[in-house]
Amino acid sequence: MSGIDDVDGTPLSRRPDDAEDVVRERLRVFHDETLPVLEREREKGVRVIEIDGAKHADKVADELATIIDELPR
């Protein structure tokens, strides 16, 4: 059924930051401002670690914990 969560049956809601214009602006800023910084840092040899934030939150947290544990102290 549309508008109902498939897992627990609760009604779905839309947050204001899910609006198309807001998402488009967020993506524009990422492409115009964030990506150039990442590329510049990679060119300088800085290690940039990417994590797939679309995964389940527990998996993302596990990946972050592993990365932090492996950082030099």
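Quick one: D6 ticks every box in (1) surrounded by 10 or more Cβ atoms within 10 Å (Cβ to Cβ); (2) over 14 Å from the mean Cα position of the chain (by Cα) bar one, so which box is it?
Looking at each condition in turn, D6 falls short on (1).
Mind checking which residues of the range 36-53 are among the small types (G, A, S) and at pLDDT 95 or above? Talk me through it step by step, then tell me what you get.
Going through the range 36-53, the residues among the small types (G, A, S) turn out to be 45, 53.
Of everything in the range 36-53, just one residue is among the small types (G, A, S) and at pLDDT 95 or above, namely G45.
Taking G45, is it over 14 Å from the mean Cα position of the chain (by Cα), under 26 Å from L64 (Cα atoms) and loosely packed, with under 10 Cβ neighbours inside 10 Å?
On the way: over 14 Å from the mean Cα position of the chain (by Cα): yes; under 26 Å from L64 (Cα atoms): yes; loosely packed, with under 10 Cβ neighbours inside 10 Å: yes.
So G45 fits the description; yes.
Please enumerate the residues belonging to the range 48-73 that are loosely packed, with under 10 Cβ neighbours inside 10 Å and touching a Gly at 6+ places or on another chain (Cβ under 8 Å).
none
The values are calculated or read from the model by the stated rules, or taken from the named source; none is laboratory data. Treat the numbers as computed from the prediction; the structure is a model and nothing was measured. Using ideal geometry, Cβ is built from the backbone for each residue, glycine included, and neighbour counts are taken over all protein chains shown.
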